[in-house]
Each structure stands twice: as structure tokens, then as C-alpha cells.
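Encoded as C-alpha cells, the structure appears first; notes follow it.
Just so it is clear, none of the values below were taken in a lab; they were calculated from the coordinates. None of the values given here were measured: they were computed from a predicted structure. In this analysis, Cβ positions are derived from the backbone assuming ideal geometry, glycine residues included, and neighbour counts consider all displayed protein chains.
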Amino acid sequence: MGLQEDIARAAELIREGRLVAFPTETVYGLGAHALDPMAVARIYELKERPSFDPLIVHIADLAMLQQLCLAPDPRVLLLASKFWPGPLTMVLPKSAAVPDIVTSGLSTVGIRMPGNEIALQLIKTSGCPIAAPSANKFGRLSPTSARHVLKQLPEVDFVLEGGKAQVGIESTIIRLNEKGFEILRHGIITREELEKWVPFHAEEKPADQMLAPGMMKSHYSPGKPLYLSDDERLMQMNRRDAGFLSFSGQDTHGYGLVLDMAPGGDLKEYAVNLFEGLHQLEEAKVAFMVAETVEEKGIGLAIMDRLRKAAWRYSAEQH
Ligand code: TXA
Ligand code: MG
């Protein structure tokens, strides 16, 4: 079947309340009709996702935005005009049209217009917004290819093939307050880029308050131990048994397997290849894996967020 037939079939399944995995520019999503609570319930079931972790709703045009959130703030429309379609999710006050199961009972809903033609066509053809988390089992590695999706969710009703994800890590999530925006999850769209349009203003909150319900310390967990390259315990370990995700190309000596994450030396490449690299080492004949750390600024913030969460179960703090 050709791509157009595949999209038509996938859209039909969405309308029937079934689950379709589809490509976006960030990671593959596990999609369902966002306004059909039974369909959305199946996402939680298949992903084994806790019900307190709300979903992002994907739209194809601004009419859908109006349907999901009443009277959007002018700043929302400004940011939408600058960054959509693209890897930016905005958490907004929801309308009554959005079922509670999508937002885990919150009064807000996360919305984004994905920068991927297949995703946009799927939403348009379905004729409804599509709720979609990343298409992986809860807490595990995110999928950046159709193969990664099938590895974790072979029972999904349909997978739309869209090649390798162009961005490779999940969207930046922001929320607006009276004075500006704050970042709930770092992504490829950085604070600096957003600040050109709306001021950054983080509201004061208790240190332990979870910003987004799904933002746990442990997430994106690979199937074998992962250590960060600055972990002192590595001195006692045998590098030959490890696979290494290398960014700078330095200090790779002795590792059993080395994957070059960024041949051009660009942090964006590291982000694009991050989950693919982790999937590869998960499947490779190595006992454990090590990932090179980078400076936590700009896109480095998003990369280190994913790496710290993926390595959390094996971190020194936990042992
Ligand atoms: O790039 C992406 O955002 C991908 C693709 C598929 O679009 N989606 C994605 O979804 O990463 P997921 O479910 O893996 O992560 C969504 C995050 C969760 O941590 C959730 O807690 C947060 O978004 N979130 C969703 N709605 C929210 C809300 N109303 N308030 C605060 N956080 C919210
Ligand atoms: Mg996810």
C-alpha cells in the first residue's frame, strides 16, 4: 500500500476509536481520537501508563486550538505563529470538549501542532485532534523509528511508517503565567528562542513540586544499566564490557563499542541520535552502557534531562 492509502486507513481507525502509532518530528506518538474517552483509555492500557499522567493533544490547524481551549491568550497565538508546526507544546486552560481522561482531571491541556507532514495529514484526514503520548511502554525509551515502536508495542492496531524522527527528543513544554512563560520540559526549542517573543518568568513554587505530572526522576529507562560519563564508579568497571555514546569523540579508548552521536560536533545531532543510540546499545552485546555528558545550557539542557532520567535507576544516589 502507498502512503496515502496508509494515512486513509490510519485515519479510519482513529475515527473508530482504535490506536495508531504515527511519526512526528520529535518521537513517534501513540495516537487516539482525543475527544473519545474510550479510545484515550486504550492508550493508558497499552502503554501501562499511570492515569495521573496527562496526554498531549495534536492539532493540524488553529480551528482545532479554538475547539480545545477557549479564547486563547494573544501570546499563545504569537508563539503558535512562530513555532508551529513544530516541537513546542503549550499547556493551556482547556475547554469542556476535552475529556478529563486526556488531562488526568487537570483544568489545563497540553497542545501542539507537529512539524511532520504525515502527522498533519493524519489529523486532517481523521477530522479530529489526536491525543498521543510517545509510543513506548511507560517509563521506557522513547521511539524515534517505526521499528522502535514495534519493539515495545507490537499489539498496536496500526503503525504509520515515517522514517527516522528529525528532532529525536520530545517537544519543549511551556506554560504561561501573568508575567511570561515557564518551561515544564526542555526540548530543542530553547528558552533563548522563546524569549525573543515572550518574557521568561518562572513562578516561585515549593522545590519538590512536580511541574508536569509526568516529570519523574526516573524515565526513559533502557533495558540495561546506563551510567553518565562523569560517574566516578566507572573507574572500577571494565570499559570493554560497555557501549559508549560519544559526543566529543574524546576518551573513547577501551570501550567495547563506541557510537558516534554527533559526527559534525553539533548538539542537535546528539539530540537527534540520542534515543536511537540508546536503543542500539540496549540491543547490542554489551553488559552496560555509558553516555557522554554535555554542558547544561541550550539544547544541552534537554539532552541532560533525558540522560539523567534514563540513568536514574543506576545513579550513585540510588546505590
Ligand atoms: O514531542 C512530544 O511531545 C511527543 C510527541 C508524540 O508529540 N509526545 C510526548 O508525550 O512526549 P508524553 O506523553 O510522552 O509526554 C507528555 C508530557 C507528560 O510528561 C505530561 O505530564 C505532560 O506532557 N503534560 C501533558 N499535559 C499536561 C498538562 N495539562 N499540564 C502539565 N503537563 C502536562
Ligand atoms: Mg514519553
Any chymotrypsin sites (Phe, Trp or Tyr not before Pro) in the stretch 1-99 that lie in a DSSP loop and have at most 12 other Cβ atoms within 10 Å would be 52
Residue-ordered couplings for the stretch 227-234, obtained by feeding phi - 60° into the Karplus form 6.51 cos²θ - 1.76 cosθ + 1.60 and rounding to whole Hz (Gly and Pro as x), are 10, 8, 5, 8, 6, 5, 5, 4
About its Cα centre, the chain carries a charge dipole, from +1 on Lys and Arg Cβ atoms and -1 on Asp and Glu Cβ atoms, whose size in debye to the nearest 20 is 340
Listed by chain and number, the residues whose amide H is under 5 Å from that of residue 158, excluding neighbours fewer than 5 places away on the same chain and using placed H, are 21
Here Rg/Rh (Cα, Kirkwood) for the chain equals 0.97
Per DSSP, the loop-located GluC sites (Glu not before Pro) within the stretch 7-99 having at most 13 other beta carbons within 10 Å are 16, 48
Going residue by residue through the stretch 170-183, the Karplus relation 6.51 cos²θ - 1.76 cosθ + 1.60 with θ = phi - 60° gives ³J(HN,Hα) values, rounded to whole Hz and with x marking Gly or Pro, of 5, 4, 5, 10, 10, 9, 9, 10, 4, 9, x, 10, 10, 9
HN-Hα couplings for the stretch 186-200 via Karplus (6.51, -1.76, 1.60; θ = phi - 60°), in whole Hz with x for Gly/Pro, come out as 6, x, 6, 7, 8, 3, 4, 5, 5, 5, 5, 10, 9, x, 8
Dividing the mean separation of Cα pairs under 8 Å (6+ apart) by the residue count of the chain yields a relative contact order in percent of 19
Cβ density ranking, 10 Å radius, fewest first, applied to 111, 173, 118 yields 118, 173, 111
Partner lysines whose C-alpha sits under 16 Å from that of residue 285, ignoring same-chain residues fewer than 8 away, are 224
Label model pair residue 8, residue 178: point-to-point distance (7 angstrom along the Cα→beta-carbon line) in nm is 5.4
Of the residues 302, 279, 314, the Cα lying farthest along the dipole of the stretch 257-319 towards its positive end, which is defined by charges on the beta carbon of Lys, Arg, Asp and Glu, belongs to 314
Computed Rg/Rh for the stretch 232-319 (Cα atoms; Rh = Kirkwood radius) stands at 0.94
